[in-house]
Amino acid sequence: MTTPTIVAISGSRRRQSYTKRALRHALGAAAEAGAETDLIDLGAASLPLYHPGHDESEELDRLLKIVREADGVLIGSPVYHSSYSSTFKNFHDYCGFDEFSDTAVGLLAVAGGSSYGSTLDHLRITVRGVHGWVMPHQVGIPSVRSQFDDDGFVNDALEARIEKLGTEIVEYATRLRMSIG
């Protein structure tokens, strides 16, 4: 197998997003494990609101192609009303079997408060709905403002979990590609 490609999708629109910081850290671990990596920052994308029968934009087509060609995808979203962000939902509505079938997927949810479980549940359900292979290891970050400082993580256990997410997505993506030929 060639070098696996791992793509992270950030569903945050914040410029100084904790979701993007965590995903970049996971991508760093994936790169150290031998993957080529890329980050889709949906907050910087200009995508039309999903509408069946839409006229696709060049930017949307480019982003869908990146996901479709990835061996593994890390999805990160802030927690909004006990679910994932509308920014991610809009992009995810454009994605289907072509983008996620037989693709390893890792999940990360970032909460301002203490609850992130239902967000991870919603992500898992919707990714399975388009035949993505969701990894058992996932990361929920509670009370996110207290988990980071200007230099990075203040919680070594959380940092290790995020690194494990990045490492395991490479392992799962490689195994899955080998099993389907």
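General remarks:
- Nonlocal amide H pairs with A8, under 5 Å, H built at 1.01 Å: D38, L39, I40, L74
- Summary value for the chain: 27 percent relative contact order, contacts being C-alpha pairs under 8 angstrom separated by 6+ residues.
- Loop sites in the range 1-104: chymotrypsin sites (Phe, Trp or Tyr not before Pro), DSSP, at most 16 other Cβ within 10 Å: Y50
- Cα convex hull of the chain, projected area averaged across orientations, nm²: 9.9
- By definition, a body whose alpha carbon gyration tensor gives a ≥ b ≥ c is oblate when a/c is 1.5 or more and a/b is not larger than b/c, and the range 12-92 fits this oblate description.
- Taking every protein chain into account, the 1.4 Å probe leaves E159 with about 50 Å² of accessible area, to the nearest ten.
- Residues of the range 123-167 with amide N under 16 Å of a point placed 7 Å along Cα→Cβ from S179: 128, 131-137
- Here D61 sits with roughly 60 square angstrom of accessible surface, probe radius 1.4 Å.
- Surface calculation, 1.4 Å probe, protein heavy atoms: R145 sits at approximately 150 Å² accessible.
- Summarising the label geometry, the points placed 7 Å from Cα in the beta-carbon direction at R15 and T2 lie 3.8 nm from one another.
- Lysines with Cα under 23 Å of K89, excluding same-chain neighbours fewer than 8 positions away: K20, K65
- Backbone N atoms of the range 1-43 closer than 11 Å to the 7 Å Cα→Cβ label point of V154 are not found in any residue.
- Each label point was placed 7 Å from the Cα along the Cα-to-Cβ direction; for R128 and E69 their separation is 3.1 nm.
- Table column - 3J(HN,Hα) (Hz), the range 66-74, Karplus curve with 6.51, -1.76, 1.60, x for Gly and Pro: 4, 5, 4, 8, 6, 7, x, 10, 9
- Label reach from A44 (point 7 Å along Cα→C-beta): in the range 77-106, amide nitrogens under 18 Å belong to 77-78, 87-88, 91.
The values are calculated or read from the model by the stated rules, or taken from the named source; none is laboratory data. Because the structure is a prediction, the values reported are computed rather than measured. Here Cβ is always computed from backbone atoms with ideal geometry, including for glycine, and neighbour counts include all displayed protein chains. Accessible surface areas use protein heavy atoms only, side chains included; no ligands, DNA or RNA. Shrake-Rupley method; radii C 1.70, N 1.55, O 1.52, S 1.80 Å.
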